[in-house]
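K.L.:
Structure in structure tokens, see below.
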2 protein chains.
Amino acid sequence: MSEARSRPRRSSRRGDTRKALINGAFTLLDGQKSFDGLSQRELTRYVGIVPTAFYRHFASMDELGQALVDEAFRALRQILEDVRTDVRGSKRPVSTLVRSLLQHVRAHRSAFRFIAAERFGGAGGIRGAIRREMRLVQAELAVELARFPYLKDWSSTDLHMIAALMVNAMVAIVEEVLDRSAADKAAEAELMALAEKHLRLIVLGIPHWRSQA
Amino acid sequence: MSEARSRPRRSSRRGDTRKALINGAFTLLDGQKSFDGLSQRELTRYVGIVPTAFYRHFASMDELGQALVDEAFRALRQILEDVRTDVRGSKRPVSTLVRSLLQHVRAHRSAFRFIAAERFGGAGGIRGAIRREMRLVQAELAVELARFPYLKDWSSTDLHMIAALMVNAMVAIVEEVLDRSAADKAAEAELMALAEKHLRLIVLGIPHWRSQA
DNA sequence: CTTCAATGTCAACACATGTTCACAGAAATA
DNA sequence: TATTTCTGTGAACATGTGTTGACATTGAAG
């Protein structure tokens, strides 16, 4: 009984509680809750903190919401960058894209459930931020598409149109993966195969497209 | 002053309040709220009813939620049937489909905002019901696709795969339309054009698909 | 070791929530 | 007209909510 701390009621590590609050919120929202159905007390209870301690880290619940958006998008951007480098060095871009994307998404599941849930569910501010980010993703994919030889002389408008279709298709798949239990590997594999087929079908149409600009 | 009712505090029409509650809920949710952020008091206040009167029509808020799902899906099915008959009698199926769909959706805006918001946002029961309905829509589109001559000898698996891609594409467009103000006609026209291009691109890929079953 | 900012606790606030109960007036039925 | 069934009202409940204020303890900096 040399080092028996009297009472470890205080978490004692310096900046951990803020992260605990963010992660706790993601975890709670990973269930069947939306952000405006999540209460401050429920969250602080879950994190193991007295309600008032919350305000040492966020001025209000709205500010917590903003922090969740920021964190989720930070993860999104990181993922997409990783996926891009994976795909660039690959001989089979489509299947690499799908595999890499879903694999990364699985590692940040709750953050992405948050985005999926709030994309049309929640407050206008969050919705707007998500839509903005989505457009960015689309634009970046358009740039990436332009690297392919047989798309070199396509109009930017048409590239964006293809990018939008591809992003929509992948978003739909990702959302469906998230909507299933993380353990359901069979469903995930099935969805992965479906995503690949969808992308391939889109790609097949591309050479036959006549831009009527 | 022959017919001056003393006080019209009671709405007096027989079964109207239930509908008023449902429509009121849709209207309130059309803003920036999700269902589990909508309170019973807020709703009854909005409808102009005392809180307790609510329980003459629904046993609980959960039951109200179920009623909203039912009503929204009733509208969805009606719309899709109308769209189908429109498309069947058309020489230009794709553009007819898009125009007809968006036009009908506009007429049931708030019901569809509810579906979009709760698809991944809300409680598991609602999510499950929506996913089930989505699959049904997909299956019905697959059947409809089978009517086209050059798809006649396609495998059912591949037909479903195409249907899924098309449904995903249209859902994405509809959701984006719903996310804009109902008055923004310019954005809507733009999205309609985009939807048409997306569908056309998909269709272009179809003849070149080799099923690797 | 002292000092000080960071981070926690406890008590309290004013108010909102979902739901129940006993009651009242209107509409439909007889 | 008398009666019963719907549907609305008012007060009340226990509990939950976001947030504030005054105080305590911790870990790091001087």
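K.L.:
Of the residues that sit in segment A:4-15 and are near DNA strand C (Cβ under 7 Å from one of its atoms) and surrounded by fewer than 13 Cβ atoms within 10 Å (Cβ to Cβ), which one is modelled with the highest pLDDT?
P.N.:
A:15
K.L.:
While we're on this one: Checking residue A:125 against (1) among the small types (Gly, Ala, Ser); (2) in contact (Cβ under 8 Å) with a residue 60 or more places away in the chain; (3) outside any helix (DSSP H, G or I), only one condition comes out false. Which one?
P.N.:
(3)
K.L.:
Follow-up. Could you tell me whether segment B:140-160 includes any residue that is part of a helix (DSSP H, G or I), polar (S, T, N, Q) and buried (at least 16 other Cβ atoms within 10 Å of the Cβ)?
P.N.:
No: zero hits.
K.L.:
Identify all residues within segment A:201-213 that are surrounded by fewer than 18 Cβ atoms within 10 Å (Cβ to Cβ) and either more than 8 Å from chain B (Cβ to nearest Cβ) or part of a helix (DSSP H, G or I) (or both); write none if there are none.
P.N.:
Answer for segment A:201-213, where residues must be surrounded by fewer than 18 Cβ atoms within 10 Å (Cβ to Cβ) and either more than 8 Å from chain B (Cβ to nearest Cβ) or part of a helix (DSSP H, G or I) (or both): A:203, A:206, A:207, A:208, A:210, A:211, A:212, A:213.
K.L.:
Here are the criteria: (1) in contact with a Leu (Cβ under 9 Å, 6 or more places away or on another chain); (2) in a helix (DSSP H, G or I). Tell me which single one residue A:180 does not satisfy.
P.N.:
With (1) in contact with a Leu (Cβ under 9 Å, 6 or more places away or on another chain); (2) in a helix (DSSP H, G or I) applied to residue A:180, the lone miss is (2).
K.L.:
Right, here's the next one. Write out, first by first residue and then by second, each pair whose Cβ atoms fall under 6 Å of each other, whose residues are 6+ apart or on separate chains, and whose first residue, in segment A:44-60, is over 12 Å from residue A:19 (Cα atoms) while the second is near DNA strand D (Cβ under 7 Å from one of its atoms).
P.N.:
Matching pairs, first to second residue: A:44/A:51; A:44/A:54; A:51/A:41.
K.L.:
Name the one entry in B:182, B:186 that is more than 11 Å from every other protein chain (Cβ to nearest Cβ), surrounded by fewer than 16 Cβ atoms within 10 Å (Cβ to Cβ) and at pLDDT 95 or above.
P.N.:
B:186
K.L.:
Same structure again: Check off (1) within 14 Å of DNA strand C (Cβ to nearest atom); (2) in a helix (DSSP H, G or I) for residue A:65 and give me the number that stays unchecked.
P.N.:
All conditions are met except number (1).
K.L.:
Tally up the residues in segment B:88-104 that are surrounded by fewer than 22 Cβ atoms within 10 Å (Cβ to Cβ), touching a residue at least 40 places away in the same chain (Cβ under 8 Å) and β-branched (Val, Ile, Thr), please.
P.N.:
1
K.L.:
Now for a separate question. Among residues belonging to segment B:16-60 that are within 14 Å of another protein chain (Cβ to nearest Cβ), crowded, with 16+ Cβ neighbours inside 10 Å and not polar (S, T, N, Q), point out the one that is farthest from DNA strand D (Cβ to nearest atom).
P.N.:
Checked segment B:16-60; the qualifying residue farthest from DNA strand D (Cβ to nearest atom) is B:30.
Okay, residues lined up against (1) within 16 Å of DNA strand C (Cβ to nearest atom); (2) among the polar types (S, T, N, Q); (3) under 30 Å from residue B:149 (Cβ atoms):
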{"position": "B:22", "(1), (2), (3)": "yes, no, no"}
{"position": "B:70", "(1), (2), (3)": "no, no, no"}
{"position": "B:77", "(1), (2), (3)": "no, no, yes"}
{"position": "B:85", "(1), (2), (3)": "no, yes, yes"}
{"position": "B:95", "(1), (2), (3)": "no, yes, yes"}
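The values are calculated or read from the model by the stated rules, or taken from the named source; none is laboratory data. Quantities reported herein were computed from a predicted structural model and do not represent experimental measurements. Cβ sites come from the backbone with ideal geometry, for glycine too, and all protein chains shown count toward neighbours.
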